[in-house]
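What follows is a set of notes on a single structure, which appears directly below.
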């Protein structure tokens, strides 16, 4: 991109030099055939430089548009990945909380069993905590699988429909 800008500035400087030299030609020399040929050659060169400059400007414009599109696509992909990461992190956080609760209720259940007392509330709480932990683990697995699938979808979309087999 910097090369295009450098070429563009060089072309503009060349055009300015050609224009200033054309203006500097004395009026009496303008009538001679050699001067007329030089003037025509300079005008032709000027027209060619203007055409080249216009083409470079079009290329720069096309590159900028393509770059803006790519940047927008990348930003959207980053936003999607962040959302998926947040969902996975939330599911993992729920799983950790459920696991901590399961450990507490299991400890209470062990203590009651060691005391020889079968506390039905402790057993109930332990079973509920275990069920909650299993559900949280499943939710974390589903969120992780969705994130993996989301990352694989672009590659799968680009893969040949026949699986690459001829």
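Values in this text are rule-based calculations from the coordinates and carry no lab data. Every value quoted in this text rests on a predicted model; they were computed, and no experiment measured them.
Per-residue ellipticity at 222 nm computed for the chain from its helices equals -32500 deg cm²/dmol, with DSSP H segments shorter than 4 residues left out and the rest contributing -39,500 (n - 2.57). When the inverse distances between all different Cα atoms of segment 70-166 are averaged and flipped, the Kirkwood radius reads 16.6 angstrom. Mean silhouette area of segment 45-87, derived from the convex hull of its C-alpha atoms and averaged over all directions, reads 2.5 nm². For segment 60-116, the Kirkwood hydrodynamic radius from C-alpha pairs, put into Stokes-Einstein at 4 °C and a viscosity of 1.567 mPa s, yields a diffusion coefficient of 84 µm² per second. Rg and Dmax, both from the Cα atoms of segment 2-158 and both in Å, are 37.8, 124. Helix 120-158 and the longest principal axis of the C-alpha atoms of the chain enclose an angle of approximately 20°.
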